[in-house]
Every structure is written in structure tokens, then in C-alpha cells.
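Before any comments, here is the structure.
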Amino acid sequence: MCQDRGCCHSCLHYVLDYETPKTLVIQSKAVGFVFRFTQLLVILYVVGYVCVVQKGYQETDSVISTVTTKVKGFAYSNTSDLEHRFWDVADYVIPPQGDHSFFVLTNIIVTPNQTQSRCPELPTPSSICTADCDCTEGHSDPRSNGIQTGLCVNYSDTQQTCEVLSWCPLEIDTNLPKHAMLAAAENFTVLIKNSVTYPKFKFHRRNIMPQINSSYLRRCEFNRITDPDCPIFRLKHIVSEAGEDFQSMAVKGGVLGILIDWSCDLDWWAGKCYPKYSFQRLDNKNPNNSVAPGYNFRFARYYKTPDGEETRTLIKGYGIRFDVIVFGTAGKFGIVPTIVNLGAALSFLSLVPAVSDWVMLTCARKKDLYNKHKVTYLNEDSDSESMAMGTSYGTQ
Amino acid sequence: MCQDRGCCHSCLHYVLDYETPKTLVIQSKAVGFVFRFTQLLVILYVVGYVCVVQKGYQETDSVISTVTTKVKGFAYSNTSDLEHRFWDVADYVIPPQGDHSFFVLTNIIVTPNQTQSRCPELPTPSSICTADCDCTEGHSDPRSNGIQTGLCVNYSDTQQTCEVLSWCPLEIDTNLPKHAMLAAAENFTVLIKNSVTYPKFKFHRRNIMPQINSSYLRRCEFNRITDPDCPIFRLKHIVSEAGEDFQSMAVKGGVLGILIDWSCDLDWWAGKCYPKYSFQRLDNKNPNNSVAPGYNFRFARYYKTPDGEETRTLIKGYGIRFDVIVFGTAGKFGIVPTIVNLGAALSFLSLVPAVSDWVMLTCARKKDLYNKHKVTYLNEDSDSESMAMGTSYGTQ
Amino acid sequence: MCQDRGCCHSCLHYVLDYETPKTLVIQSKAVGFVFRFTQLLVILYVVGYVCVVQKGYQETDSVISTVTTKVKGFAYSNTSDLEHRFWDVADYVIPPQGDHSFFVLTNIIVTPNQTQSRCPELPTPSSICTADCDCTEGHSDPRSNGIQTGLCVNYSDTQQTCEVLSWCPLEIDTNLPKHAMLAAAENFTVLIKNSVTYPKFKFHRRNIMPQINSSYLRRCEFNRITDPDCPIFRLKHIVSEAGEDFQSMAVKGGVLGILIDWSCDLDWWAGKCYPKYSFQRLDNKNPNNSVAPGYNFRFARYYKTPDGEETRTLIKGYGIRFDVIVFGTAGKFGIVPTIVNLGAALSFLSLVPAVSDWVMLTCARKKDLYNKHKVTYLNEDSDSESMAMGTSYGTQ
């Protein structure tokens, strides 16, 4: 055509000529049905599964969360170690600030009145001695409790051990009370306030729902069935929902996760976005595969005697650390994932004609007829089109 | 063709025969324009929106962050409770370590010289008594402050309440100072050091930019307009940017988020990656829908009297907890998202011919002509091709 | 056809008529090879790179983690400030609970016996005075240490400074020990227990592998080559793997990240999911671009004198904060990303015929022949199909 209209037009022709495939319409209900059915399957799959079930059209954002916690309750212990003692929040919650991780003391080994001084080491194979020459001045074994002074002194009437420089008297942590000292801790309650933000969607929400009023909050207690929205949890309830027994866990301590799942679908009214609470023990119970099972740590309170000497009370505290773990992703309609998912769907739809063609040319009763009309074989040698299956096209 | 060249070649034929659609070129400017225009729209949409605006070609990574904070300032309180008292960082920042969450004490209720002993319960409907028989030994109401001893004693000249075993004297937390005791805390400053890592991209950066020198850091103060890069924030400024009043927030406390957004585009020079600070109150101000509004916690300081008795000072501290929340995603060119997004774009391009065909065969002036040449109807009954719209193809 | 069979059928026809492109099969090995080769390239790229290397078929989830840490070791300091002093875990680990961030004290400035009182300010240009009129009662400079009383008093025999109301005596923090007081801290060890959860995949795992037994754990120490699974780390080893020197870092403190990478492929047996430890200094060493380099914070221990007066020991503690940072994403086969990625692949395959056609019609030896048979030009003016390149189609 270029010669006819002039070469200056050829470029425009190239751009504006529209090339479209020649098509053959086959009026066969069978083939048409196969085609539509395959198309339907793909559409159902993509629309039904990817879009509806997996929400592929949504973009997502991760949660940002703040937690404050407040434990309530008191207890009275009457074990011999500490005589009779009353415990309140300031005593047993460590650290006191109440952020996303809080620790409730349930069992303790107390070593009061320690001073920087010298005392006999606890008897172990390496510390037992018979004379000063068994002890080396300045020696410190990481397994021991202090720096040896080089003297061998009486530990008890029958045993001599090397003297060490340390906080004396030494802590003897072998006789941990068999029953948790603060067994009453199971009835403590904790109020968890959690507010979350999805910054990408500018969505902000608290775990205390708008419909909940103050008077309900003052008396409610979380229960999965009767009070699923109450943010006040009884410790015993948390532990038992995690499949553990509070009293046995309280002896050696442990770590317990309070998981708050804020997975949200923000497309419709935001009321769909509720916290889901679950509870799970996070440390290992199995003593075969564990060092220092349970959960404990040592801390000290420092005092000064009237004459200015520093003393401390060393406390090895066992207890349950509660970690409030907030997670979740919010989804909301987004143009990019929608395009990507629709594009993928369209790709699959473009497979459908290939399937239908294959069925038509292979399985249909009139496959030869279809083949003859659809496909033209180009025989290069004779520079002529040869008909499919050698059938002549000349009748046309 | 198989018969001609031998069946051994048929497999090779199957692989190497190239099947290509027969096409019809329509030299109509209108149809060509519709085709090119639709194509352009799709390309503009995909390239312009998905790629440029939404950066669909990028893979993303979440931020890993470390924060250290350091508060500076001192204050002098002269309320009656604590006489005249000077406060410095070691007094009012709890916990002292300065990690991503720090608390500044602004108001307190102090109960000094508590000991483990017995004292009359605070008067409430359930604790007021007239005789010992109104009190039950060992009874402990979670709402009360201790374990009843079974005695009814004088609380004041006019009231009798049950005696309890507790830390005595009991805390009376009803008369919280109306004006925050540490009102001067609004002028405290906090230095926030934040370093972030995007592990997938091996990208590491600090919120103190390389071009900032020490002398600037010693005197600057964050201001969104004049000093947007200064990592030192005045507490009053933080609170007012969050839309709150420091003095009224200081009375009962609260939680304030310092949000640092590290959303980064790492494709070009990394200088595009700056922290963006914003401030937001995270707890609920609305007292109708809240338990324990504000933010406070109890902690104690333990002392020993010269004769070895333990006493404590109980402090109910109100104040503002500042949570430094670092979030963000970094994007960088990635081959997988690029392929996926380009693939989706290509799918949409494959829709364009369908649209053009529909326009050509439905709306164009010469639609019958186009139809006749493009589409062939196969009439199965007569085993012959019938032309579109019944027009004979034989004229050709 | 509508007129023939009745209009009620036309709709059914529209749905069930199957329109398929007429195709031309070209039996040219060259063209076929180009086609198959391009196809192979795309498939290799998509399958090989996107699927195998980048695991595009997986959906991902972010890790949720809990950490407990326990430091072991003791040290003996003999610097002049604190005389000879023995340090154990309760003394140098702050806070004591052992969560994901723990601080090991290595150097301190102690100011004992501070009381709320009056004392001369430290000499600075603004605090030096010669008479009372140089000092303003009630004035408090943020850079100073207290509130001026308006008096000018002797700081030393030669200097006079304004008197301030503060915790006196004031801390003098200029002469920090050049050698870290707790140099022995390099031999402390820390046990890190870490358990992770991928909530989307309900996958839970600990960093202490099932095959590890308690006796191994009691004696092992992490070493990248010999003991890569041991969760007990020597502090010196951590610091040196981060490329730092413990002793020089200990003087002014710093922040050190213990990064645990839990990137997991959960498709095959879960044993593929191991923690990978790495270590990195997180604060800035470069003093040119830093305020308050290193890491330190002030805390106080409060005492009461026998006559009830409150005193405190102020401690400015320098040390290394270890932040255990757990990150990672787990991937597992998911139907949505698979569909999306396959769809993208299919889109690219639909490009292949376009490429082959272009090669065939442009570069092939017989391109005119192919063009003639494949493409029909519709000459609208004469209402007839004109053959490609003006060749008549009539010979057919």
C-alpha cells in the first residue's frame, strides 16, 4: 500500500493499521460448552478462591501496638523463710511500670544481710579442702561463688572449704519451696489496655470497645464465652487456657504468652476489626532438653547499716513472665494487588482457548472438519497452501 | 504431511511446526485509533499508577530498630506532701536505662514508713464495722487492702473499720494533687538515638544524619520547620504536637507515642531515606469508656530500720510514658515483583484487541465488511463455510 | 444464522458459538526453533529464577518471638573509687529480669551519700561568682545541676561558685576511669533462650534444638564453627564478632545487637528452619557526629539514715546494652502467590508468538511467502481483500 499512497504515510499506516486475527466460528454446542465450562472454572477459581477466600485484592499493613498492663491483688505468705508476710503489687510485680511484659513473683529464695566479706565456699568437689594449700589465692572458678582468698576454713563441723571473697553469706538455692510461696497469685487479675494502629490505613483502635462502659469494666472478667470483650484476665484463667496448671508452673516459673491477634478486614465497616485473645506457654517444659528450666532471676535490695556499711538482701525470684504479644495484618482494597491478581486471572483465561482448541481438534466427532477449516499448512516447497490432512481446499 | 516424509519425523514436526494465526489488516484510521488509544490507556495506567505511584516493581523489607533515649532536666517541687524536694533524672525516669519506652514521673502519692503490721481498713461500705463479729479473720476482699484479723478498731474518732494485716499505714490515693507536682517536666528534653537496619537490603542508618555535627547537636531542639533533623525533643513540644496539653495530661498521666516512620525508597541514592517524626496520644482520654484512666503504677523503696525491721515507702507514680515506635518498609527494585507486575500489565494489554474487535464489529460504519472478512461461520450441516451475515464468500 | 433458526436461539448461539482463530502452520525448522527457543528462555527465567531462586510461589509470615536471657559470672574490682568490691549478677545486670534487652555494667562513677541540701555549683563560666549579686535566687540553667539559692560560696580555696539546691554533693563525672572497672565482664556468659512462632503457619520452634541435651548445654559455648547451636555466648566473643574490642567498648559503653535470623523455608521438612546468629554494633563510634557517645544512664539507690533522713547513692553506669533482635520471614507454598506468579509467567509466554512472528516476517528468507499467507490486507475502498505486498490472492 506504501507505493500507492506515498511513503510519507507508511509510518502512520504502521501505527494505525489494525491487525486482527481471522476467526472461525464453530456452531457446535459441545465445543461451545467445553469452552464456556473451562472459562467458568477458571473464573470461579480465581474469583472465588483468590479474591473471596484469600482476599488477593487487598493490600496489607502490619500492626503497631502499645500495651499497658496493671495487675491487681494481694497475698499472704506464711512459709518459714520470710515468716508471715503480706505482698501487694509493689512487692511482686517486677518491673513495676506495667508495659507489654510483666512478671509476677510466685516463689523466692531470700538471702538477707549479705555484705562484701569473706566466707567459706559452698561444698562442691572442687571447693572442699583440707589445708590452705588446696586453695589458690585469687583463683575464681566460673562455677563457684567468689574469689578464693587462699585459706581453707570450716564450712560446717565436718567439712572444710576454701574461703572466698564475695557477698556473704552465700545463697543456698537448692532448697526451693516445693509449693509456690505466692500460691494465691492465681487469683490476681490483670487489666490489659492495648491500642493498635495500622499506619498505612490511618486506622486506630483500642481493645476496649466503644460500646463497653466503665461500670462493666469495673466488674467484668474475661471469659471466652460470656465476656469475650472484657480486658481483665484472671491469671489462673490465662494459665489454664494455655493448657498448664498454675500451681505447678508457679514453683519454678515460666514464660506465658498472651497473644492478641488483630487481623482485620478494613474494607467494610470497621466493626469487623476485633482483638482475638489466645494464650500459649512460650518456654520449654521438657527438662531433658533445657538448661535452667522455668523462669527466674536474681535481684537485690541494698541497705546501709547505721555505721554506713552496705548490705543487701539477695532475692532469687521465680515467677511467671507474661508477654503480651500483639500481631496481625490488616487488609484493605488496594489497586496494585487488584491489578496484579486480575492480571493473573486474565492470563489463565487466555489458556482457555488453547484447551478448547485441543479438545475441538482432538476429541470432537467432527475434528477433521474443524481442523480443515481452522488450520492451513504452508508447504514451503511448492509455495502453496496445502490443506489440513491433505484435503483440498479448492472446493471453496 | 506425516505420510509424505515418514512417521519418524512427526514428533520433530510437532515440536518445530510453528502455528501462527492468520490475520487481517484493517486500514481504517478510526479502528486503528481506538486500538492504539486503548493500548495507551492501559500502558499509562499500569506504568503510571502501578509502577510510578505505587512502586509495584519493588520488593519490600520491614525495619529492625534500636532506640536509646536520654532525658535531661531537673525540677523542684514544693507541694506539702513531700516538702521541698529537688528532682533529677535518677529520681523521675523509670526505668532508668533509657530504652525505647521511658516514663517521666509528673505526679505522685507517697506513703512513707509502711511496715508489715496491722491497721484499720479504709472506710468503705464493706469495711465499716461496729463490733468484732462484723469482721472475719482471714477474710480478704480483692477490693480491700489486706487480710482481716477479725478485730473491729477505731479508724477515726467517729468511724470503726475492720483491722487488716497489710503494709501499714495504708495508702490513701483519693487526694491526688490537682496540679501536677512536677509541672516543670514540660521543659525536660529527651535525646532519641535510633538506628535502623533493613536486613534484606543490608541497609543501615541512624537518625543522626552524617551532615550533623556534635556542636549542632549540643544546642539544637527539634522543630518541624527550623530543625527537622535534630533528635532532641522538648517534652512539652511532643505533647502539644500530639494535640494535648502537657499540664492537664501530667496530672493523671498518659501514654504518648513518638512515631518514627522510616519508609524508604532505596532505589536511588540512599539520601532519600529520612526519619519522619510524628506524635500521637495512645491511651484513651474519654473517661466514660475507661478503667483507670491515665497512666500510673505503684513501686516501693525498701529500707531497714537500725533494729533490722523492714520498712518501705510506697509511691503511686503518675506520669507520661513515652513509647518510641519505629516502623516503616523499605522498597528496592526486585526482579520478582517486577515480573509479576509486568505480567499483569501484559495480561491487560491482551484485553485491548478484544475491545478493539468489539468496537470494530459493533460500532464501525463498515462493520459488515469487517465482519465478513474477519469471521467465518462454519455450518456443520452442509460441511461448508458460510459467510458472515449470510453473505457469500464466493465473490472473492 | 439468527433468521434461519428463530430469534429465540440467538442468545444461546451467542453463548455457545465458539470463535477460534484461523491458523497457518509453517513447517520451517528455523522459525520453529526461534519459537521454541524463546519459549524455553521465558520458561527457564520464570521457573528457574522466580520460582526456584526467589521462591515466588510462597506466601510469607513475619516472626513472633520471645526472648529470655541469663547472664552468669562475677568480677572483682579494685579501683580506688569503690575500694575492693565483689560484683555478681544482681549487681551488674540492669534491669535484672533478663528479657530481650539486657545491660551489663562495665564502668561507673559513684556519688555516695547525696542528700537534698545546698552546695556550691561545679565551676563553669556561668556558675563562677565573686559576690552574691552574681547569683539569682530561683534561677535554674538547664546546663547546671540545681536551683540557685542566690548565695555565692566557696567551691575550693581559690574558686567561688553560686550555691544551688540539689542532691549534694554534686556528681563530678569528668574523671571516668580510663580502664573499665569491670574489665572482667568480658568473660561473663549469657544464655539466650528464644522461641519463635509463625502464626499463619502455626509453626513454633525454640533456638535450643531437640537433639541438644542438658549435659551439652551445661558445658557448651557458642562458636560459629565448633558449636553453632549452643545458645550460650561469651560476651567477649559477641563483641569481637561484631568487630569491636571489648575493653575499649567497656570504658564508655555502647549498644550491641545480637541478631537472630529465623528466615525459614517451611515447605520441606521443618529441619530447614534454624536460627542464624550475627552480631553488630548498633550505636555510633564516630565521636565527630554524636552527642553523649557510648551508653550510660544514671540511677540511684535510696537509703534512710537512722534519724529518718533520705540519702541516696547516685550511680552513673556505663556499660554495654545487648539487644537481642529476632527477625525473619517464613515462606510456605501458598495458592495465591503461585497463581499470581504463574499468571505472570503465562503473560510472558503470550509474548513469545509476537516475537516469533516478528522474526518470521522480518528476518526469515521466505518472509514474503509467510507474509502473503498469514496477513490479508483489507482495502476498504474497493471492498475487497488485497494481498500482502500487492500479490494477488487469486491464484488460489
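The values are calculated or read from the model by the stated rules, or taken from the named source; none is laboratory data. Source: prediction; values computed, not measured. Because the Cβ atoms are built from the backbone with ideal geometry, glycine has one as well, and the counts that use them run over all protein chains shown. With ligands, DNA and RNA removed, areas are computed over all heavy atoms of the protein, side chains included. Shrake-Rupley method; radii C 1.70, N 1.55, O 1.52, S 1.80 Å.
Within segment A:180-216, the trypsin sites (Lys or Arg not before Pro) that combine a DSSP coil assignment with at most 10 other C-beta atoms in a 10 angstrom radius are A:K202. Residues whose amide H falls under 5 Å from that of C:C129, counting only those 5 or more places apart or on a different chain, are C:Q160, C:T161, C:C162, with hydrogens built in the peptide plane. Taking K and R as +1 and D and E as -1, what net charge do the other residues with C-beta under 11 Å from the C-beta of B:R219 add up to? It works out to a net charge of 0.
Here the 3J(HN,Hα) profile of segment C:358-372, calculated from phi with Karplus coefficients 6.51, -1.76 and 1.60 at θ = phi - 60°, is 4, 4, 4, 8, 10, 9, 5, 4, 9, 4, 5, 4, 4, 4, 4 Hz, Gly and Pro shown as x. Starting from one equal scatterer on each C-alpha and no solvent at all, send me the Debye-based log10 I(q)/I(0) for chain A at q = 0.08 Å⁻¹, two decimals. After summing over all Cα pairs, the log10 values are -0.71. With viscosity 1.567 mPa s and temperature 4 °C, the Kirkwood radius over alpha carbon pairs of segment A:231-338 converts through Stokes-Einstein to a diffusion coefficient of 74 µm²/s. Take C:C363, push a point 7 Å out from Cα through the beta-carbon direction, and compare it with the same point in every other copy: 3.9, 3.9 nm, smallest first. For the residues of C:66-73, the average number of beta carbons from a partner chain within 10 Å of their own beta carbon is 5.
Placing a label point 7 Å from Cα along the Cα-to-Cβ direction at A:S240 gives distances to the equivalent points in the other copies of 5.4, 5.4 nm, listed shortest first. Would you please give the FRET efficiency between B:S156 and B:N113, computed as 1/(1 + (r/R0)^6) with r the Cβ-Cβ distance and R0 = 30 Å, to the nearest 0.05? E between B:S156 and B:N113, to the nearest 0.05, is 0.95. For the protein assembly as shown, carbon and sulfur atoms together expose 56% of the accessible surface, with a 1.4 angstrom probe and every protein chain in place. For A:D141 and B:S214, the FRET efficiency from 1/(1 + (r/R0)^6), where r spans their Cβ atoms and R0 equals 45 Å, is about 0.50. For segment A:223-330, the set of GluC sites (Glu not before Pro) satisfying both a DSSP loop assignment and a count of at most 11 other C-beta atoms within 10 Å is given as A:E309. Residue-wise HN-Hα couplings along segment C:315-330, as the Karplus relation 6.51 cos²θ - 1.76 cosθ + 1.60 with θ = phi - 60° gives them from phi, are 10, 9, x, 9, x, 9, 8, 9, 9, 8, 10, 9, 9, x, 10, 9 Hz; Gly and Pro carry x. Per residue, the accessible area of the protein assembly as shown comes to 45 Å², computed with a 1.4 Å probe over protein heavy atoms only. Legend: mean number of C-beta atoms from other chains within 10 angstrom of residue C-beta atoms, peptide A:193-204, equals 3. Shape of segment B:264-327 from the C-alpha gyration tensor: oblate (a/c of 1.5 or more and a/b not above b/c, with a ≥ b ≥ c the square roots of its eigenvalues). Rounded to the nearest Hz, the phi-derived 3J(HN,Hα) couplings of segment C:102-119 under the Karplus curve 6.51 cos²θ - 1.76 cosθ + 1.60 (θ = phi - 60°) are 10, 10, 10, 5, 10, 7, 9, 10, 9, 10, x, 6, 6, 10, 5, 7, 10, 7, where x marks glycine and proline. Using the Cβ of B:F246 as centre and a radius below 9 Å, the other residues enclosed give a net charge of -2, where K and R count +1 and D and E count -1. Taking every DSSP bridge with both residues inside chain B, close to 90 percent are antiparallel. Charged neighbours of A:S101, selected by a Cβ distance under 13 Å, balance to -3 (K, R count +1; D, E count -1). Here each label is just a point 7 Å from Cα along the line to Cβ, and for A:R224 and B:V47 those points are 5.6 nm apart. Let me make sure I get this right: for the protein assembly as shown, a, b and c are the square roots of the gyration tensor eigenvalues over alpha carbons, sorted descending. Under 1.5 in a/c it's rounded, otherwise prolate if a/b > b/c, else oblate. Which is it? Prolate shape, in that a/c is at least 1.5 and a/b is the bigger ratio.
Enter the buried accessible area of the B/C pair, total of both sides, probe 1.4 Å, in Å² rounded to the nearest 100. For B against C, buried area totals roughly 7100 Å². Taking one quarter of the surface of the C-alpha convex hull of segment B:110-200 gives a mean projected area of 11.8 nm². Amide H to amide H, with H built 1.01 Å from N, A:K304 comes under 5 Å of A:T311, B:K304, C:K304, counting only residues 5 or more places away or on other chains. When you filter the GluC sites (Glu not before Pro) in segment C:68-162 for DSSP loop state and at most 16 other Cβ atoms inside 10 Å of their Cβ, you are left with C:E83, C:E137. What separates the B:L176 label point from its copies, with the point 7 Å along Cα to Cβ, is 3.9, 3.9 nm, written shortest first. For chain C, excluding the exposed loop sites themselves (chymotrypsin sites (Phe, Trp or Tyr not before Pro), DSSP loop, at most 15 other Cβ atoms within 10 Å), the longest remaining stretch covers C:1-267.
For segment A:106-162, a Kirkwood radius taken over Cα pairs fed into Stokes-Einstein (10 °C, viscosity 1.306 mPa s) yields D = 130 µm²/s.
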